[in-house]
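Written below as structure tokens is the structure these notes are about.
The values are calculated or read from the model by the stated rules, or taken from the named source; none is laboratory data. Values in this document were obtained by computation on a predicted structure and should not be read as measured data. Cβ atoms come from the backbone with ideal geometry, glycine included; neighbour counts cover every protein chain shown. Protein only, heavy atoms only, side chains kept; ligands, DNA and RNA dropped before computing areas. Shrake-Rupley method; radii C 1.70, N 1.55, O 1.52, S 1.80 Å.
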Amino acid sequence: MRLRLQEAEAKLQEQSFPLAGPARMRKRHWGLILSFVLLVVLPIAAVIFYLTAVAEDQYQSTTGFTVRSQESSGSATDLLGGLASFASSSSASDSDILYEFIQSQEMIAVVDDVVDLRAHYSQHWPRDWAFSIWPDATQEEMAWYWQRIVSISYDSGSGLIEVQALAFDPETAQAITRAIVKESQIRINALNEQARADAIGYAQADLDEAVEKLKTAREALTQFRTRTRIVDPEADIQGRMGVMNNLQQQLATALIDYDLLRGTVADGDPRLKKGQQLIDVIRQRIDSERQTFTSTNTDTGAVGEDYPSLISEFERLTVDREYTEESYRAALTGLALARDEAIRQSRYLATYINPTRPQQAEYPQRFLLIGLAMLFLLLLWSILALIYYSIRDRS
């Protein structure tokens with residue numbers, strides 16, 4: 001029995017694999033370690049050295065502002081249905097304008113006049129090359145560098161703008177934010193003046209046009225009165241109707257007197273002939289007066305035009321004059337309201353964070369930059385190592 005067990009153990013030992021020997025460093029392992037040192041350790045050491053020994057401290061100044069519009073409520077504009085709402089503007093769109101203006105080369109040029117940007121940000125060049133700019137930078141290069149030293153956060157819903165500026169000393173950082181606030185206020189004032197000029201200009205143009213139309217309408221009516229020598233055809237007709245009524249009364253009186261006289265005297269009496277002549281003259285005058293209403297050859301006034309045409313022309317000219325007078329009054333009211341709104345409705349820059357003067361250098365954020373550098377370098381080395389082993393296994 002014991003012999004059989006010994007034979008089975010010997011047989012198992014013959015069939016089992018030999019034990020693995022101790023691990024040894026190979027060439028690829030040394031290459032991986034060398035790549036880690038070259039791609040991760042040395043760059044991180046260089047970043048740490050640069051950020052701690054070379055990079056200059058930077059100070060951050062913060063300011064915040066928004067554009068507010070002061071509108072009048074319950075004014076005459078509401079009573080007239082918004083007749084003079086010429087200069088309405090939203091503060092949100094003004095904030096959009098400022099947001100783009102702060103990033104423009106015009107703002108950079110204005111701040112450069114106050115703070116010599118090139119001299120300040122190139123004083124550590126080329127030693128601190130990562131956070132400085134070269135002295136002979138162009139305007140376009142300064143615009144690129146401006147995006148690094150000035151950060152803008154803008155909330156389009158509320159219109160709030162917050163600006164942060166970095167500089168190598170607290171005074172310069174605060175001077176930059178102050179210059180930005182001042183120039184933004186100047187730009188808002190310019191927008192105010194432009195809006196007021198446009199509103200009053202449009203209203204003044206409407207008023208000038210209404211005045212010219214009113215002058216034309218009144219001159220046409222004056223020419224009509226000069227040509228016809230009639231101030232008011234309707235009043236003239238009423239006067240002529242009074243003459244007609246008077247003549248008809250005289251005719252009735254003459255007829256009655258003639259009838260009474262004919263009943264008391266003989267037919268050949270001279271008084272009857274005289275009475276008949278009076279009646280004929282009155283009738284002729286009545287016929288002549290009636291003809292003046294339609295005839296072009298009148299005896300009174302020497303008008304030379306029939307009254308229906310004169311009345312039609314006069315009414316047309318009167319309507320034109322009344323319409324132009326109403327337009328003139330509306331334009332005059334519009335100009336007054338435009339001026340009132342230009343005074344009442346003004347936009348201004350409301351600063352909710354005054355430009356701060358930093359006391360401690362917060363930038364560059366060394367620990368954050370070192371951590372990010374370590375993270376990205378480690379990821380880069382890991383990806384390259386995986387790519388290398390993937391290619392090696394396939395080959």
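First compute the accessible area of the stretch 102-176 with a 1.4 Å probe, then give the percent of it belonging to carbon and sulfur atoms.
Numbers: 1860 of 3450 Å².
Carbon with sulfur: 54 percent of the solvent-accessible area.
Sequentially through the stretch 185-198, phi angles give Karplus couplings (6.51, -1.76, 1.60; θ = phi - 60°) of 5, 4, 5, 5, 4, 5, 5, 4, 5, 5, 5, 5, 5, 5 Hz, Gly and Pro residues having no value and appearing as x.
Might you tell me the accessible area per residue for the stretch 84-181, computed with a 1.4 Å probe and given in Å²?
Here the residues of the stretch 84-181 average 45 Å² of exposed surface.
Tell me, in nm to one decimal, what length is gained between residue 171 and residue 277 on full extension, where the rule is 0.36 nm per residue of separation less the Cα-Cα distance? Don't skip to the end; give the middle numbers.
On the way: separation 106, 0.36 × 106 = 38.16 nm, distance 11.66 nm.
Full-extension gain reported as 26.5 nm.
Put a dot 7 Å past the Cα of residue 105, heading toward its Cβ, do the same for residue 285, and the two dots end up 9.4 nm apart.
The modelled label-to-label distance for the pair residue 389/residue 243, using points 7 Å beyond Cα in the direction of Cβ, is 12.6 nm. Rounded to 0.05, the FRET efficiency of the residue 138 and residue 42 pair, given R0 = 25 Å and the Cβ-Cβ distance, is 0.10. Computed across the stretch 87-197, the Kirkwood radius stands at 15.1 Å (inverse of mean 1/r, all Cα pairs). Measuring r between the beta carbons of residue 6 and residue 53 and using R0 = 51 Å, the FRET efficiency lands at 0.10. Between residue 380 and residue 127, the FRET efficiency estimated from the beta carbon spacing at R0 = 35 angstrom works out to 0.80.
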